[in-house]
Amino acid sequence: MRDVRGLAAAHGVRVELVPLGDWGSVRLIAEYDPDGPTIRVDAATLRDDEGAIERAIAHELYHHLEATGAVVRIAARGAREAAADAFADALIGTPA
């Protein structure tokens, strides 16, 4: 498993573990904010003993790489989210 927090720091991205609350009808577990830039993860929602927090950080780091042009931004939201999941899998391994 890669050190995703260190990788985020190397890209100048701050990681915060904070309560995020709800976003419409869904529970928000992580978000990327280009102002900062900051990745926020709702640690209360995730069980880190399964690496879920690191996975969320890796997923959101992909969105940072999109925002900076390091990877090409995919137009379709579903495909973009799938690419972020695949990036997280490549960094830390597939979920158990």
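The values are calculated or read from the model by the stated rules, or taken from the named source; none is laboratory data. Keep in mind the model is a prediction, meaning the values are calculated, not measured. Glycine gets a Cβ as well: all are built from the backbone with ideal geometry, and neighbour counts include every protein chain shown. In case anyone asks, the SASA skips ligands and DNA or RNA and just uses the protein heavy atoms, side chains included. Shrake-Rupley method; radii C 1.70, N 1.55, O 1.52, S 1.80 Å.
A few points about this structure:
- The set of residues in region 1-23 being β-branched (Val, Ile, Thr) and either part of a helix (DSSP H, G or I) or out of contact with any helix residue (DSSP H, G or I) (no Cβ under 7 Å at 6 or more places or on another chain) (or both) consists of 4, 18.
- For region 1-51, taking the residues that are among the polar types (S, T, N, Q) and under 19 Å from residue 85 (Cα atoms), the one that is most open to solvent (accessible area, probe 1.4 Å) is identified as 45.
- Residues in region 38-74 that are over 12 Å from the mean Cα position of the chain (by Cα) and assigned to a loop (DSSP other than H, G, I, E, B): 43, 44, 45, 46, 47, 51, 69, 70, 71, 72, 73, 74.
- Residues located in region 4-45, provided they are charged (D, E, K, R) and under 21 Å from residue 91 (Cβ atoms): 5, 14, 16, 31, 33, 40, 42
- The one condition from (1) open to solvent by 60 Å² or more (accessible area, probe 1.4 Å); (2) at pLDDT below 90; (3) of a type in the set (S, T, N, Q) that residue 68 does not meet is (2).
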